[in-house]
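J.: The following block contains the structure, expressed as structure tokens.
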Amino acid sequence: MRAVQYSRYGGPEVLEVVEAAEPHAGAGQVRIRVRAAAVNPYDHKVRSGMFAGGAEPARPTIPGAEAAGVVDEVGDGVAGTRVGDHVFGLATGGASAEFALLTHWAPKPGTVSFEEAAGLTVVSETAERCLRLLGVVAGETLLVHGAAGGVGQAALQLARLRGARVIGTASAHNHDLIRSLGATPTTYEGGLPARVAALAPQGVDAVLDAAGTSLDELLEIAGGPGRVVTIANYAAGDRGVRVTTGGGDEAAFDVLPWISDLACRGEYRLRVAAAFPAEEAAEAHRLSESRSAGGKIVLVFDQPGRTSPARG
Ligand SMILES: NC(=O)c1ccc[n+]([C@@H]2O[C@H](COP(=O)([O-])OP(=O)(O)OC[C@H]3O[C@@H](n4cnc5c(N)ncnc54)[C@H](OP(=O)(O)O)[C@@H]3O)[C@@H](O)[C@H]2O)c1
């Protein structure tokens, strides 16, 4: 199969498109013929060697943690999913290839493109996990820091669906996007506590940090670390803030069927900022590293009779 792969850690240039061995569905897994795979910040962090402590990869690695496509193998013990079903979900062993194995999945809504469905899993699970950890309920006010990113957009919508009022920090050019998702935007620059106090005179009940910056200001806004959760500032634990990485029993993949239903009804959406052919995976990683895409970035795998998609 055609796969995006790297054999050494480094910049986007280490990515190459190669012929790789096809994976096969194990127990509890399905294999999909990938139509689109999303690029997440985690992919380029791993590719850079950030988590490797100076070692090189033990074996060639296919990046990517999520994809959407058509089921073509069903592993032992899987009920309710058949060959030919259109699904999206969490991949193991890499998603940026013609075939990927999924460990958690849900039906792809017919109303949603494969490109949009490819990016639904990671950010929706992350946002739902954070809202559960924060215990956000109807009537409360939540601040989402880094609201225009993938996780931010998911968190705004899932918090609004809980009946919470939401304020989101974002660059000014993303403020219309934040408003379109039912939240009130503000910028990142200094003076954040005063701006947030003006927008929420009743106070902020909980803070979700998806940007990894401005910790002092976030703690001031929340009145302490008790109801602050971060996904992007690993040092914040020293200040008593809950740092979540999704390990153990924190994971919230049970949210996927609900996400599928919401997306089907048009009540939940994620902006696809850019779609690249698989051959341009390095460009896709560069855009992700810029932290300025303003939505999901996806790699599209050509199907028979289908031409490469336009970017945008
Ligand atoms: N721990 C976990 O379980 C977990 C799970 C998923 C993601 N993450 C991490 O969470 C972070 C967000 O993920 P994502 O998928 O939402 O990323 P993304 O889609 O690339 O979004 C990046 C966000 O960063 C903002 N940003 C860029 N420069 C900034 C700056 N100087 N100060 C503050 N914000 C800035 C951008 O906002 P503007 O465009 O408006 O500037 C954008 O909202 C990443 O670090 C990712 O690795 C962690």
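The values are calculated or read from the model by the stated rules, or taken from the named source; none is laboratory data. All values reported here derive from a predicted model rather than from experimental measurement. As a convention, Cβ positions derive from the backbone with ideal geometry for all residues, glycine included, and neighbour counts pool all protein chains shown.
J.: If we scan the stretch 95-111, do we find a residue that is over 25 Å from Asp249 (Cα atoms), without any contact (Cβ under 8 Å) to a residue 40 or more places away in the chain and touching a strand residue (DSSP E or B) at 6+ places or on another chain (Cβ under 8 Å)?
T.: No, the stretch 95-111 has no match at all.
J.: On to the next question. Of the residues that make up the stretch 122-141, is at least one more than 8 Å from the ligand (Cβ to nearest atom), over 12 Å from the mean Cα position of the chain (by Cα) and under 22 Å from Ala274 (Cβ atoms)?
T.: No, the stretch 122-141 has no match at all.
J.: Going by the structure shown, is Gly152 within 16 Å of the ligand (Cβ to nearest atom), at positive phi, in contact (Cβ under 8 Å) with a residue 12 or more places away in the chain and in contact with a helix residue (DSSP H, G or I) (Cβ under 9 Å, 6 or more places away or on another chain)?
T.: Answer is no for this residue.
J.: Just to be sure before I move on: is Leu90 outside the structural domain of Ala154 (by TED's automatic domain parsing), touching a Gly at 6+ places or on another chain (Cβ under 8 Å) and either modelled with pLDDT of 95 or more or not β-branched (Val, Ile, Thr) (or both) in the structure I sent?
T.: No.
J.: Which residues, counting only those in the stretch 280-305, are at pLDDT below 95 and within 16 Å of Arg2 (Cα to Cα)?
T.: Correct list: Phe301, Asp302, Gln303, Pro304.
Yes/no matrix, rows are residues, columns are (1) closer than 30 Å to Arg33 by Cα; (2) modelled with pLDDT under 95; (3) surrounded by 16 or more Cβ atoms within 10 Å (Cβ to Cβ):
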site	(1), (2), (3)
Val112	yes, no, yes
Leu120	yes, no, yes
Ala127	yes, no, yes
Ile178	no, no, yes
Thr184	no, no, yes
Gly190	no, yes, no
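J.: Can Arg286 be described as assigned by TED's automatic domain parsing to the domain that holds Ala65, part of a loop (DSSP other than H, G, I, E, B) and of a type outside the set (A, V, I, L, M, F, W, C)?
T.: Against the criterion (assigned by TED's automatic domain parsing to the domain that holds Ala65, part of a loop (DSSP other than H, G, I, E, B) and of a type outside the set (A, V, I, L, M, F, W, C)), Arg286 does not qualify.
J.: Within the stretch 60-103, work out how many residues are under 14 Å from Gly26 (Cβ atoms) and buried (at least 21 other Cβ atoms within 10 Å of the Cβ).
T.: Final tally of qualifying residues: 5.
J.: Something else now. Counting only residues that are small (Gly, Ala, Ser) and touching a residue at least 40 places away in the same chain (Cβ under 8 Å), which one in the stretch 245-280 is nearest to the ligand (Cβ to nearest atom)?
T.: Among them, the one singled out is Gly246.
J.: Look at Arg132 and say whether it is assigned by TED's automatic domain parsing to the domain that holds Arg31, at pLDDT 95 or above and over 25 Å from Leu299 (Cβ atoms).
T.: Considered against the rule, which asks whether it is assigned by TED's automatic domain parsing to the domain that holds Arg31, at pLDDT 95 or above and over 25 Å from Leu299 (Cβ atoms), Arg132 comes out as no.
J.: Return the residue satisfying two criteria in turn: it lies in the stretch 25-38 and is in a strand (DSSP E or B) and of a type in the set (A, V, I, L, M), and of such residues it is surrounded by the fewest Cβ atoms within 10 Å (Cβ to Cβ).
T.: Result: Val30.
J.: Right, another one. Give the residues of the stretch 180-214 that are free of Cβ contacts under 8 Å to residues at least 60 places away in the same chain, in contact with a strand residue (DSSP E or B) (Cβ under 6 Å, 6 or more places away or on another chain) and charged (D, E, K, R), sorted by residue number.
T.: Across the stretch 180-214, the qualifying residue is only Arg195.
J.: If you don't mind, another one. Give the stretch 107-119 a look and list any residue that's over 19 Å from Arg31 (Cβ atoms) and either of a type in the set (A, V, I, L, M) or within 11 Å of the chain's Cα centre (by Cα) (or both), or say none.
T.: Val112, Gly119
J.: While we're on this one: Can you find even one residue in the stretch 214-235 that is of a type in the set (S, T, N, Q) and farther than 22 Å from Glu125 by Cα?
T.: yes
J.: Answer with yes or no whether Val39 is within 16 Å of the ligand (Cβ to nearest atom) and touching a residue at least 12 places away in the same chain (Cβ under 8 Å).
T.: Criteria met by Val39.
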